[in-house]
Structures are given as structure tokens and as C-alpha cells.
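Every number in this text was worked out from the coordinates using simple rules, so none of it is lab data. Being a predicted model, the structure only gives us computed values, none of them experimental. Here the Cβ positions follow ideal geometry from the backbone for every residue, glycine too, while neighbour counts run over all protein chains shown.
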Amino acid sequence: MRVIGLAAALSLTLGAAAASETKVRIGYIGVEQPAPPVLSNLDPVPDDRALAGARLGLADNQTTGKFMGQEWVLSETLVPEGGDALAAARAALAATRVLVLDAPAETLTAIADLPEAEGALLFNATAPDAALRDGACRANLFHTLPSDAMRADALAQFLVQRRWTDVALISGAHPRDHAFAEALKASIAKFRLTLTGEKEWVFDADMRRNASAEVPLFTQQLGEHDVLLVADEIGDFGRYVVYNTWLPRPVAGSEELVPQAWSPVVEQWGAAQLQSRFEDQAHRDMTPEDYAAWAAIRTLGEAVTRTGSDDIAVLRDYILSDAFELAGFKGRPLSFRPWNGQLRQPIPIVTDRAVVATAPLEGFFHQGNELDTLGRDAPETTCRAFQE
Amino acid sequence: MLRLTTALALLAATPAFADEIWVTNEKDNTISVIDADTLEVTRTLETGERPRGITFSHDYSRVYICASDSDAVQVMDPVSGEILHDLPSGEDPEQFVLHPDDRRLYIANEDDAITTVVDTETRRVVAQIDVGIEPEGMAVSPDGKIVVTTSETTNMAHWIDTETETIFANTLVDSRPRHAEFVKDGAELWVSAEIGGTVTVFDTATQTEKARIRFAIKGVHEDLIQPVGFELTPDGKTAFVALGPANHVAVVNAETWEVEEYLLVGRRVWHMAFDGDHSRLFTTNGISGDVTVIDVARREAIKTVKVGRFPWGAAYRPTGG
């Protein structure tokens, strides 16, 4: 165990040139996943999605670290499609005990279960799967991206507040679409909305040409509703539903009005500064995955600075404690749920042009932290790994 | 605070007539000038883009304005309301403080992690000092020897020696420090932390923490209690602390660090300024787009004055003579 700059940090006063030097190495592993085919070519997925956020987090930690005698290093490993993610993780864990991961759920749990990962700190920055926060949770795996459930609950709170209580749902066929549709249905039940109709998107024609003809008939069968929910997480068909519905109804979910961990339209609470720092560095907009990777690395920065330690057990305890708070540009301090390692965070509900609302919305109370009205709360969780 | 002590000295010499409170409107690119007696807006002046920090020269002949998105500090004639010239300021100047020498302006460059020192006479940059991420709060000790910059994302107060223009100490504070002031003749430095929800009191001589002030308002979640701007009465006994989205100003006993009262003001209360005799306090309320006037002795909000969009900074200007 190495304790760094402890004396200095405890006295809370540091000279301009801090005496002790701490080097904190973070491993970043990005596992390339095949992009599912979509109808429109309008939205290219950036190659450095999540990675660019991690790099900004590192730059932020370095700026702070230079006043604290800390040096921060990010070792980036990109695993190509079909590559050996576990071998990459093993190699990274030989050099550091801290990893930020961009990988699908099954790879995340496989990495967390490696003998080399025991007692390590792993951060999931890109997988929204509910199971990772529930039955498939791991004590060494934290989540900075909100779960599907958190996003769906955020949207449901907005619908309740607007009194748009009758909703219909169209879901795509991709597993991500199904997962988000399930989360939406769970939120519909949790917040006592009514699901009036549900359909799966089955068209295999190119909707760019005939959406205006097909979508009205398709949505006609959904019954009377206030708002039409679309679960299209891969961005395939949702854009062709908007303004083509049988009834003149707003669209929400994966399209049009979207609950997001982060979006370029978020500018309040100093967010404009984070956006412009990111844009200067990456030359593009900051995605939710970038935000989650940034938050993971800033979490480590906060923990090392506040505890004056780079001991993993000390950092883990601090991150899960009440004392931890991260200023995440969302108007409230962010912290981690001690029952499953999920980063608590407000969820902006956005269009392409503006933030319409930010959940938790006023009137949704919680006995502890209002942020826990979003996603799986302590009494409901089936995650046991964090109780050991 | 520096400009207040100076204001007092000036007032003693020349009794004031219709004094003014100047308020920068961040999203209107204007300044609203409020008559401190009638509590009406008498003038609305054009500025550069996104005006935030505002302060007057010691003789009140010039007003300095941080026009953040114009990347300039503007110098205005407060009588005519005309912009005289711009000062080089570094990128995205947010907040600044004028040195007791009435010449050096210390500017926080929010986007650049730099504090820029500008000579207002030669209009040249004298020094640039690397600080933490998103510098914002700026304070200068009454003897002019120390300037403090706080950085929002690094969560530190950086102590700058004004003779060498270098940092001589860094002290951690709670999350997202926003505002700093030397108080009690410079014996203490106060720093507010927006996300941390605290005000930290430092002993200036040793740069060590003396106290941490916490806030609690019934019916308001602690996460929404976000201290930003604050001012102390000239006797150093009472502090008024703006609590951002909690929409309250806390009245703090500055000797015991205890909160005595919470005053309801407008939405997202940000910064504040006293009038000349410190009988009234003017708070900028960003979201409601207005200024709350507080009777200091009665500790009561007495009026709301509509100004421009997102009022940010406030400064007092005596007009008598």
C-alpha cells in the first residue's frame, strides 16, 4: 500500500511545488462493437466515443494534480472486433488496479470476474443494462452511465408532471431496443401511467421514401394515447415516426424528447464550460458515453485528492461513502449508490435544441436522496455483491 | 471587501445623493442601473457579450466589466455609459478584482485555467498565472499582498503573491468554489463552495481552515442549497450569503459561524452589493431576472426590481458630490 501526499492533503495546505509525487495510472479499454445497420446515414458514431471523455477527465485531473503533487496517466487499449478483450484486460490489470471500460455487458462481467481484477476498481462507462446494476452486479464494477431504468424513470416523471398519462409504445427489434422498451414499461407501471397499445417495428422497407404512407396506418392501431413512446436505441426508424403518426401526438423515448445522461444542449450549471473544453479537445459534441467516462476519471481524481491516498480499498470506501461528491455540471452533487455502485445523477430530458426538463422533477420525493427516484432503489435491488 | 471599504472612505468625505446599484445582465448584454433611493431602473446600458463581473475604479470614474463571450474587459464611463476601450483580458474573463493600487486588475479566465494580470493604465498584460480548472472567485487582501483565485473544477483556492505574481499556496475547499473575499481587515479569507454547500473560512496568515459554515433550510433539499456570492457588513459581524437555487440569502453571525436567519429572495440568487451606508443589500436573482432589495437592519426583503435576463454581478456607485 502506498499512501501519497497524505500529510500535505490532511493539512489542506500545499506549497506551490508539492513535495511528494504520486503517479496514478488508469487503464482504458475500448472493445469495438459492430454497429448495427440503420436506415439513415445522418448520425455517424464517433470512433473515439467515450475515449474522448476519458481523455478530458484525465486532462482535468492533471490540471488539479499539478497543485497536489499528482501525476495522472491514461493507458489506452483498443480491442478490435473479434479481439481478445480478456487478454487486454489482464495486461492492463498487470500495470494498474483502475480501469475505465467501454464494453458490452457480458464482457464487463467477464473482466470483473478475472482473478486479476479482484480488488480492482472498474468503471463501466457505456453499458446501460439493468442486470449489471441488479443480479449481475459485481463488487468491483461501478457504473457512471445511467441505467435504462434511470432514463425511463426520468421520462415517466416528466409524463406524470405533464399529465400525459396514456402512452403507446413502438419498439424496434434490436436487443437494445427491447431492453429500453422493457425499462419504459417498468417505469409506466412504477409511475402508474397507462399503456394503451404496443407494437414492434417490423418494416424492412427504406422508410426515407415511404414513411408518410406507412407510419400513419401503423400507428392507427395503437389506440387513443397522449404521447407515443419509441424504443429505438440504435437510431434506426424513430426519426421517420415523428410527424407521421395517425394522431397528432408528441413522440418521446429514443426519439424527439429523449432522457439522456448528457447532451450538447445542456448548458446550465456551468455545463457550457465542460462542453467547450470537450469540443476544443475532441472537435465534436460530447455524448452520454463521453460524459460517463469523464465522470469515472473525475471520480478517481476527487477520491485521490480528498483521501490523499492511491490505495484502492481506501478509494473504494471513500467513493461509496456519504463524504464523496462529484461536481458533475448537472446542478446537484453526484454520488454513488452503495447498494450497486451506480452513479446517482440528474437526467436531462432533451430535444435536439433544448433541455425541456431535468429529472428528478419537482414533486417526486424520496426519504433519502431525490436522485434515487430514478432507477433501482435500495429496497428493490437484487444486487448483493456490495453488501459483502 | 475592497470596493466597499473604499466606498465608505469616499462617502465619509462626500455625502451621497442618488446613489446607484449597477447590475450586469448575463443574457441581455446590458447593465441595469438602479437608483438606490427610488429603487427604479433609471438606465439600461449596452455592453459586450455575456457581461458578468463588474467593479468600479477607486474614484468611480471608470467601471470595468467582464464581457465574457467578447473575451474582453470593457472600460466604461459611468456618467455617459459609453465604452471607452477594451482591456486585454485573456479568454473568457468571468470575474476579477481590482488591486488596492487601483491599477492592476486580476482576471479569472474561466475557459483557460489562467489568472491574467492587466495593467489598466498601460493596457498591457503584466502576468499570466496557471491556476486550476475554471477559475472564478477572485479576492485581494486589503494590503494588496495576496490575491486569491478559486477554481471550480479543481476545487482549490490558489494564493498568489502579488509581488512575484506566483502561487505560494494551494488549499482545498469543497466542490465548486464560486466566490472568495478577504474579510475582517484581511485576517480571514472566505470561500463559498456551490456544490459542497459550504463556506470555508481560512486564517490568512497560515492559510489553514478555521471554520466551515453549513446551511439547512426546512423544505429545501440540501443538494439545492448552493452558496455563491456573499458580503459582510463593515463591522465584520454579519455575513449575507446567497444560496443559489435555494432562493434564499442566509444571514450568518460572522463571529460564531452560525446561521441566524434565511431570507426568501428571487430565484437562483447569485451575487450582491450593499448601498453606500450599508442599510440595503441588493441581490441578483438569475432565473427570475430581478433584484431583491433587503433592508439590512430589519433583515427583510422590501422590494423586487425587474432587471434584464440573468442578472449576475452587482456593484455600488455613489453619485453625490
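A few remarks follow.
- Shielding of B:145-157 by partner chains, average beta-carbon count, 10 Å: 3
- Sorting the segments A:173-180, A:216-223 by their residues' average number of neighbouring beta-carbon atoms within 10 angstrom, most packed first, yields A:173-180, A:216-223.
- Placing a pseudo-label 7 Å from each Cα along the Cα-to-Cβ vector at B:N253 and B:H221 gives an inter-label distance of 3.2 nm.
- Applying the Karplus relation 6.51 cos²θ - 1.76 cosθ + 1.60 with θ = phi - 60° to the stretch A:361-369 yields 3J(HN,Hα) values of 7, 4, x, 9, 9, 8, 5, x, 10 Hz, where x marks Gly and Pro.
- Counting lysine pairs in the protein assembly as shown that sit 8 or more residues apart in sequence, or on different chains, and whose Cα atoms lie under 21 Å apart gives 10.
- Exposed-site-free run, longest, chain B (rule: trypsin sites (Lys or Arg not before Pro); DSSP loop; at most 13 other C-beta within 10 Å): B:1-122
- Fraction of the pair-distance distribution of the stretch A:149-259 above 16 Å, Cα-Cα pairs, percent: 52 percent
- Between A:D322, A:D232, A:D102, the Gaussian network model of chain A with springs among Cα atoms under 10 angstrom shows the greatest mean-square fluctuation at A:D322.
- Mean partner shielding of peptide B:168-176, defined as the number of other chain Cβ atoms within 10 Å of each residue Cβ, is 6.
- Between the stretch A:80-97 and the stretch B:101-167, the Cα center-to-center distance that results, in Å: 44 Å
- Distance between the stretch B:248-275 and the stretch A:165-223 - C-alpha centres, whole angstrom: 50 Å
- Taking every alpha-carbon pair under 8 Å whose residues sit at least 6 apart, the stretch A:149-259 reaches a relative contact order of 32 percent.
- Relative contact order of the stretch B:2-317, pairs being alpha-carbon contacts under 8 Å that are 6 or more residues apart, as %: 13 percent
- Relative contact order for chain A, counting Cα pairs under 8 Å that sit 6 or more residues apart, in percent: 21 percent
- Size of electric dipole in the stretch B:2-317: Cβ of Lys, Arg +1 and of Asp, Glu -1, about Cα centre, debye, nearest 20: 720 debye
- Membrane-span-like helices in chain A, defined here as complete DSSP H runs extending at least 18 Å along the helix axis by their C-alpha atoms with mean Kyte-Doolittle hydropathy no lower than -0.5, are A:51-65, A:148-162, A:175-190, A:207-220, A:288-307; this is a sequence and geometry rule, not a statement about a membrane.
- Of the trypsin sites (Lys or Arg not before Pro) found in the stretch A:260-357, those in coil by DSSP whose Cβ has at most 14 other Cβ atoms within 10 Å are A:R353.
- The antiparallel fraction among DSSP beta bridges confined to the protein assembly as shown stands at about 75%.
- GNM top mover of B:A250, B:A205, B:A180 - chain B, alpha-carbon springs below 10 Å: B:A205
- Averaged over peptide A:332-339, the number of partner chain Cβ atoms lying within 10 Å of each residue's Cβ comes to 3.
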